[in-house]
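Report on the following structure.
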């Protein structure tokens with residue numbers, strides 16, 4: 001956990017402001033999902049004082065998730081005059097893809113990733129129009145631990161202000177900033193599948209367990225592991241290895257220098 005949550009918030013907010021000024025950005029755009037990560041990200045973005053546009057982008061969305069995102073938007077707008085919002089329902093866009101794409105490639109995994117990438121396209125449409133930065137909502141476990149994000153979907157962003165925070169630290173700062181309880185109490189889900197299974201159900205481990213595995217991988221000890229710890233460590237390592245292509249830079253084919261004039 002963070003020793004100084006006030007200082008952490010101030011540091012993140014200043015980092016966002018400095019990056020925006022340096023890159024001549026006019027503001028920020030954040031996609032909100034009704035989850036804890038986007039709630040914290042949009043709040044620290046709003047705290048910069050820069051124009052902050054929060055986008056609600058339902059795609060056949062489960063009602064509780066949609067309601068939480070709407071509640072959070074209202075909360076933000078009541079606290080921050082620099083926050084504006086927009087809603088783009090892309091259910092019909094997904095339906096059109098489902099109409100034209102071959103049925104055999106419309107697997108649950110592919111269509112979940114397609115939802116995420118549709119949202120990325122929408123975020124950049126608004127960002128490009130207003131001269132804003134697309135702010136990422138991934139935390140440390142997701143972005144650098146198990147790669148639990150969609151490549152060129154929610155992974156397609158300009159800046160990542162909470163990517164050095166463990167999930168427990170995200171909760172800590174969200175509570176510290178007064179994010180609505182409905183969001184804090186909700187079980188994490190990516191909202192990309194029908195029925196919205198929780199992250200824990202999809203991954204097979206809790207975020208607390210994954211945090212332990214990430215720390216253990218970086219600083220292993222000689223203490224004997226329980227059977228559950230062995231299972232969690234395998235889940236973490238398998239996902240980390242399988243998703244390195246998301247976390248590492250794109251491979252570039254470099255020609256021999258002597259071949260160039």
Item checked: Hits in region 207-234 (condition: under 24 Å from the mean Cα position of the chain (by Cα) and either loosely packed, with under 10 Cβ neighbours inside 10 Å or under 21 Å from residue 155 (Cα atoms) (or both)) -> 207, 210, 211, 214, 218
Item checked: Matching residues in region 83-118 - criterion: being under 30 Å from residue 49 (Cβ atoms) and in a helix (DSSP H, G or I) -> 116
Notebook entry, point to check: From 63, 78, which residue is farther than 16 Å from residue 116 by Cα, surrounded by fewer than 19 Cβ atoms within 10 Å (Cβ to Cβ), at pLDDT 95 or above and out of contact with any strand residue (DSSP E or B) (no Cβ under 7 Å at 6 or more places or on another chain)?
Noted result: 78
Notebook entry, point to check: If you go through region 148-166 one residue at a time, how many are more than 11 Å from the chain's Cα centre (by Cα) and buried (at least 20 other Cβ atoms within 10 Å of the Cβ)?
Noted result: 2
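Out of 54, 121, I need the residue that is in contact with a helix residue (DSSP H, G or I) (Cβ under 7 Å, 6 or more places away or on another chain) and either in a helix (DSSP H, G or I) or modelled with pLDDT of 95 or more (or both). Which one?
54
Conditions (1) at pLDDT 95 or above; (2) farther than 28 Å from residue 31 by Cβ; (3) in contact with a helix residue (DSSP H, G or I) (Cβ under 6 Å, 6 or more places away or on another chain); (4) assigned to a loop (DSSP other than H, G, I, E, B), marked per residue:
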| residue | (1), (2), (3), (4) |
| --- | --- |
| 192 | no, no, yes, yes |
| 197 | no, no, no, yes |
| 201 | no, no, no, no |
| 208 | yes, no, no, no |
| 211 | yes, no, no, no |
| 215 | yes, yes, no, no |
| 222 | no, yes, no, yes |
| 228 | yes, yes, no, no |
Check: Here are some conditions: (1) surrounded by 13 or more Cβ atoms within 10 Å (Cβ to Cβ); (2) in contact (Cβ under 8 Å) with a residue 60 or more places away in the chain; (3) more than 20 Å from the chain's Cα centre (by Cα). Residue 50 meets all but one. Which one does it not meet?
Finding: (2)
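Based on what the data block shows, is residue 210 within 22 Å of residue 38 (Cβ to Cβ) and out of contact with any strand residue (DSSP E or B) (no Cβ under 9 Å at 6 or more places or on another chain)?
On the way: within 22 Å of residue 38 (Cβ to Cβ): yes; out of contact with any strand residue (DSSP E or B) (no Cβ under 9 Å at 6 or more places or on another chain): yes.
In short, yes.
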Notebook entry, point to check: Going through region 18-42 one residue at a time, which ones are under 24 Å from residue 169 (Cα atoms), touching a helix residue (DSSP H, G or I) at 6+ places or on another chain (Cβ under 7 Å) and modelled with pLDDT of 95 or more?
Noted result: 28, 29, 30, 31, 32, 36, 37, 39, 40, 42
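The values are calculated or read from the model by the stated rules, or taken from the named source; none is laboratory data. Since we're looking at a predicted model, the values are computed, not measured. Glycine also receives a Cβ, built like all others from the backbone with ideal geometry; neighbour counts cover every protein chain displayed.
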